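Step one of this worksheet: look at the structure below.
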Amino acid sequence: MHLAHRRLAALLALTAPACSDDDERGSSRAGNDGGQAAGTDASAPQGPGKSVRTYGTKADAEAEAEIRAAVQDFYAAKSAGDGARACALLARPAREAMVDTLARSGRQGCPAILASLLADQDARYRDRIAGVEVTGVRVREDRGLALIEIEATPEDVIPVRREDGSWKVAALAGSAIP
């Protein structure tokens, strides 16, 4: 596995539990956006009768537009290697977990760490994620799930959360829908 993908996998394992409800635990699989999701993705409902498509309720038009913009802007920033912009769109628990994990590597702060991770990604990966499409949004209070498609891959899901009046992306990458 490419070094950048291993580092991203470690971060995904840390950020997913920090951005979701304790009562919705389940495991995740590798995402189609280049991240190798590992560990627990507590946002994605698991088990018989539970589906991402039935999580919470369908977002109202305003929330859906805000979430769609946040997710698409986040992936556009990642595609451009813009660590500062991507960090501004990332929810606090995900930023803190990433910084806590990688600060020991000598890089300081979310923008520098994320820019370094993104610089390690190949052009094909960056081209793929630039065209992310949000195909649906489900919310429950201040948390939600955005269904995303990247190129012609099956849908993935990425958690989001409302923070200080704005919707933020709550993980570094999407994961496959269980």
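The values are calculated or read from the model by the stated rules, or taken from the named source; none is laboratory data. The model shown is predicted, which means the values in this text are computed figures rather than measured ones. Here the Cβ positions follow ideal geometry from the backbone for every residue, glycine too, while neighbour counts run over all protein chains shown.
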Per-region count, the range 74-121, residues of a type in the set (Val, Ile, Thr) and crowded, with 17+ Cβ neighbours inside 10 Å: 2
Inter-residue pairs, beta-carbon under 6 Å, first of a type in the set (Asp, Glu) and in the range 64-76, second surrounded by 20 or more Cβ atoms within 10 Å (Cβ to Cβ), 6+ apart: Glu64/Val137; Glu66/Trp167; Asp73/Leu89
The listed residue being within 15 Å of Tyr55 (Cβ to Cβ) and hydrophobic (A, V, I, L, M, F, W, C), out of Ala77, Ala170: Ala170
Top-ranked residue in the range 122-142 [being touching a Gly at 6+ places or on another chain (Cβ under 9 Å) and in a strand (DSSP E or B); ranked as surrounded by the fewest Cβ atoms within 10 Å (Cβ to Cβ)]: Arg140
Filter result for Glu151 (in contact (Cβ under 8 Å) with a residue 24 or more places away in the chain and either in a strand (DSSP E or B) or not aromatic (Phe, Trp, Tyr) (or both)): no
Condition check for Arg95: assigned to a helix (DSSP H, G or I) and at pLDDT 90 or above: yes
Number of positions in the range 144-173 that are under 13 Å from the mean Cα position of the chain (by Cα), under 17 Å from Arg95 (Cβ atoms) and not aromatic (Phe, Trp, Tyr): 10
Flag for Ala112 being modelled with pLDDT under 90, farther than 15 Å from Val160 by Cβ, in contact with a Gly (Cβ under 7 Å, 6 or more places away or on another chain) and assigned to a helix (DSSP H, G or I): yes
